[in-house]
1. What average number of partner chain Cβ atoms lie no more than 10 Å from the Cβ of the residues making up A:224-231?
2. In debye, nearest 20, what is the charge dipole magnitude of the protein assembly as shown about its Cα centre with +1 on Lys and Arg Cβ and -1 on Asp and Glu Cβ, if you could check?
3. With the radius of gyration and the Kirkwood radius both derived from the Cα set of the stretch B:46-189, what is their ratio Rg to Rh?
4. Pairs of alpha-carbon atoms within less than 8 angstrom and 6+ residues apart define the contacts here; what relative contact order does chain A have, in percent?
5. For each of A:Phe136, B:Phe32, A:Phe145, A:Phe109, count neighbouring Cβ atoms within 10 Å of the residue's Cβ, then give the residues from fewest to most.
6. By its C-alpha gyration tensor, with a ≥ b ≥ c as the square roots of the eigenvalues, how is the stretch B:271-352 shaped: rounded for a/c under 1.5, else prolate for a/b larger than b/c, else oblate?
7. What's log10 of I(q)/I(0) for the stretch B:147-226 at q = 0.21, 0.23 Å⁻¹, Debye sum over Cα points only, no solvent?
8. What net charge do the residues around A:Ile195 carry, taking every other residue with its C-beta under 14 Å from that of A:Ile195, with Lys and Arg at +1 and Asp and Glu at -1?
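Just so it is clear, none of the values below were taken in a lab; they were calculated from the coordinates. None of these values were measured; they are calculated from a predicted model. Glycine gets a Cβ as well: all are built from the backbone with ideal geometry, and neighbour counts include every protein chain shown.
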Amino acid sequence: MIRKPIPQSWRVGLGVASFLLLIGAYSYLSHRQLEENPDDRSIPSWSRLWSDGVVRVFTPNEHTGEVWIWQDFQATFRERLLAGMLVGVGVSLLVGLLMGCYDPLEAFFLPPLAFLAKIPPVAMLAVFFVLVGSGFEMYVTMIAFGIVPVLAQSIYHAAKDDVPDELLHKAYTLGASQMESIYNVIYKQTLPRIIDGVRLQVGPAMVYLIAAEWIAADVGFGYHLRLQSRLLDMSVVYVYLIVLGAVGFFLDFVLTRLRLWLCPWYGH
Amino acid sequence: MKLGIVKFAACTFALALGGCTADTSKEALPVFSLAWSEYPSWSVFGVAHEKNLIDGAAGKLGPVEEKWGVDIELKELDYDTCLTMYGSSTCDAVCITNIDALNPALGRKSVAILPTSTSVGADACIVAGIENVEQLRNHKVYGLSKSVSEYCFVRNLEKLGEKESDHQFTNRDPGAAAQALQTKTDDVQAIMVWNPFVLQTLRTRKDTKVLFDSSTIPGEIIDMVVVAQQSLEKPGGEAFAKAIIDTFYQLNALLADPATGEATLVALGAKFSHLGAEDMRQVVQQTRFYKNPDEALALLKGTGLKQIMKLVLDFCTSHQIVPSAPTIGYGSGADAQLRFDPTWIEAVKNKS
């Protein structure tokens, strides 16, 4: 039946089962491939995945003492993604809130944002190279440019539609200035929606960043994924993909927690 | 609603049936796939499809395919994707360089059946405002790392008596590197790229020049067609090898013929960065074709190839491009992970 609840034990069991199914499917594919050709490196066995992938990725380089994945992690997440998201979210917040508050700004910003949101930033890679080169600024621009049109619009909608006029009138009656109303009423009322909007943009931001690193980088996840898949080092590729997934999952979790912590009144 | 679904299913079924009967009326030939990417001596196969020598779609035949009784399926992909596809056994043959062929050979026994061209200036280090190789030490050189570009760079440094550790080869997609130099962004002053980016950059930015290129190491970077040993052993596998070779030489004959040469050259250049006839003449100078069986046989049977492959192998192991060195063999009898075998070129030569 539609929406009929199931016991918690079932819920956990089914979740685990789907993961086991994934692992089983991989084992089968790998086994079949290796049966056909024992030297195949495209779907390595679990032991190869461990020795050629995990161990090599996490072991410090003999000469330099550097750990691949740590370097890539620093570059991709701690520097590029963080900076890009900060710029993107900052701009979206400012533009989105103001658009939700003032009609002239709404009329001015909405058409270009609606239009730009329809151009995939990945398709514009060449334009970014020309405009901002291919260094650190390029990654930040790429991410910011990719998420601002969507995020600013969702913040604008939240600010405009989710805050009842009565609340604003009440604030005015209590003597709030415009800035106070924006911060204490509109911003706080829409904060959970903003955090959710940001959470949903982490995925696209990673798409843009990996695409940019694929083309122009000498360190980072996109760079290593491209290099290793060209060298047919699929063990390393799979390990990188798993780490990417794990980091994305973690960011999602953190932002959900943040929302629950900052806006307990909003509910789940 | 239900009736609609039934009707739809019936139509689909009828269509499928029609398709099947149409197929079985002709004798179904074994299908073999060749993955190729845009490069002068590999676009030959794309042009051969355009000129109706072969038909690149599975299930359709051109005259060359009918002659050898095999169905060639062409798959045009990005170069990197070709490598991954061949390595994961999703195609039978691939257009690849001798340097990049080592890695897939570790996992899939491979046979180089046809050298198509060699780089004689098609890979170049282009600089702006740098006079000599000593000055180059102070600049990052952008190019695709662990690739033909890096090989050519390192070999040239060796020839110039430079230490590799004094130079900074930095990874960047060749297209992006060329664009950065052309548009004067981010302080890119030296790049190591291949054609069409070499020609393009030299033309777009007048103050750039070639510091060194692959003309110092002719015959070392070999573009070729590699077929998996397993595919060759399948029924029709050898016919596939011969059909590929025959196609290549027939198109080369079109190129050499004064009546059709110009048009064929332009067709080759059409997808290769929209170069005209004049530019393409320069390109094929820098990417010297092994245009007939004799030139290919001279390479495959000569002693120079072994020395070259030893150089390549040393480079690839010392630069961690391959986790271990594949065994390399020469001639039809050799048992090796990567084998250079002139058997099918000879067969094609003797038959035509």
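1. That works out to 6 on average.
2. 1260 debye
3. Taking Rg over the Kirkwood Rh, I get 1.08.
4. Reported relative contact order: 24 percent.
5. If I rank by nearby Cβ atoms, fewest first, I get A:Phe136, A:Phe109, A:Phe145, B:Phe32.
6. oblate
7. Computed log10 I(q)/I(0) values: -1.06, -1.21.
8. After counting each charged neighbour, the total is +2.
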